[in-house]
Amino acid sequence: MKEFYSQMNKKIYYKVVSIIIVLIMIGLLVDNPRFYELGVGYILHSILSIILIACLLLYPKYENLTFRIIIMAVTTAFLYAIFFLYQGTVSNFIFLCFIPAISILFFDSKLFYFSLMLNTLSISFTFSYILLFDKENLYFYFKQDLIGNLINFIGSQAIIYLIYHLSYVRIKKQHLYYEQLQHSERLKTTGQLAAAVAHEIRNPLTVVTGFLQLYNEKDTPFNNEIKGHFDLMIAELNNAEQVIAQFLAIAKPDKNKKMELVNVKVVLQSITELLKSYGLLHDNTIDLNVDEDCFISINHIEFKQLMINIIKNAMEASKLGDSVIIKTVRKNHFVEIKVIDYGYGMSEEELKSLGTPFYSLKSNGTGLGLMICYHIVEKYNGTINFQSSKDTGTTVTIKFPSKNNVVAGLLL
């Protein structure tokens, strides 16, 4: 919620808080039947009012879950104190019913469930107290229809939960849309940059590489040490060429690439064989567990490019001697591919940055490989999801629409 507290939103927040403070002070000082007694009840009311006001004023400076819980606990204590201190005001019960609604304003699911649980426990204690100890019938309106009041309370909590759930789902959708928009903007920016500079860079690189290859021939007057330097320069220029090729793949994707009916098991088996030798460098193995009859509609080459990139990343992130597990199952109308490693893992901040141009956890990485993976998955109506935590590993889940019904139709 950091963006919530822009300078303008802070002003709005403090204006609303000012209104709440005025209402609290009016309740404390204006026409209060306990004002002239200055007894324990009024002192408690005053203390809770001051604490609540202080919490509301300090919240923008200490915005975290702990402080939100403190605010909700103080608010609950304040409203229940008002309910017990001023028995004649029947409307106080309405405020008790809607305490969890306050937590919705903080857009925090943990806080909402905490508030809902706290209010349920508090109201249970309140009903029990009135039923067992209210001998003077101070809360006669409860005793006259105890079951009805209890049903009203349960109904109010159900309505609040429904409001929370609908709001939370909508916020989640907006957040997802915002992330997709950011990703699209990153692709657009990278594509524009690639289109602007890739060809201009490629031309001089081609010339330089050609002359280095010419100077590196056997009949040139350079010694082996200098020729070794030429080999190194050519290799680095080839790396630069690959980066440019990745730029161009994003800038001008080939939408006309042939889509094929791909047997996922066959492709993953060929990739596993291909990467076995790469795994030997790090003493890593690949455990493949693929269901039969998993078919998707995708360009064969792009699918191999996607899976090689993901599996290589998993192997490079794994510790010495660890295995990379690949599982593929068919669920409903989707083929789900999981690539699991038990390596170093990633933090939440690192996960959020995945797919960003030039962001890579590798020392020599460009971040474009994973960006292309996102692009391929999106292109064929799939989804890709990363779950990771530090020192426990990473699970990459890729889903594509299943085309098993097409295969079944061909066999008939």
Contact list please: Cβ distance under 8 Å, first residue in the range 20-39 and over 13 Å from Ile53 (Cα atoms), second residue among the β-branched types (Val, Ile, Thr), pairs at least six apart or on different chains.
Gly27/Ile82
Matching option when the condition is surrounded by 11 or more Cβ atoms within 10 Å (Cβ to Cβ), at pLDDT 85 or above and under 41 Å from the mean Cα position of the chain (by Cα), among Tyr164, Tyr168:
Tyr164
Can you name the number of the only condition in (1) over 21 Å from Arg34 (Cβ atoms); (2) hydrophobic (A, V, I, L, M, F, W, C); (3) open to solvent by less than 60 Å² (accessible area, probe 1.4 Å); (4) touching a residue at least 12 places away in the same chain (Cβ under 8 Å) that Ala54 fails?
(4)
If you go through Leu150, Leu138, Leu85, Leu146, the only one that is within 26 Å of Leu56 (Cα to Cα) and touching a helix residue (DSSP H, G or I) at 6+ places or on another chain (Cβ under 9 Å) is Leu85
Within the range 319-344, count every residue that is part of a loop (DSSP other than H, G, I, E, B) and either acidic (Asp, Glu) or touching a Lys or Arg at 6+ places or on another chain (Cβ under 8 Å) (or both).
4
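Restricting to the range 132-175, give me the number of residues that are part of a loop (DSSP other than H, G, I, E, B) and not basic (Lys, Arg).
6
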Output for the range 359-412, where each listed residue is of a type in the set (A, V, I, L, M), at pLDDT below 85 and open to solvent by 20 Å² or more (accessible area, probe 1.4 Å)
Leu361, Leu370, Val406, Val407, Ala408, Leu410, Leu411, Leu412
Name the pairs whose Cβ atoms lie under 9 Å apart, with the first residue in the range 107-118 and farther than 15 Å from Asn64 by Cα and touching a residue at least 24 places away in the same chain (Cβ under 8 Å), the second surrounded by fewer than 18 Cβ atoms within 10 Å (Cβ to Cβ) and among the hydroxyl-bearing types (Ser, Thr, Tyr), and 6 or more positions between them or separate chains?
Leu116/Tyr161
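The values are calculated or read from the model by the stated rules, or taken from the named source; none is laboratory data. None of these values were measured; they are calculated from a predicted model. Cβ: placed from backbone, ideal geometry, glycine included. Neighbour counts: every protein chain shown. With ligands, DNA and RNA removed, areas are computed over all heavy atoms of the protein, side chains included. Shrake-Rupley method; radii C 1.70, N 1.55, O 1.52, S 1.80 Å.
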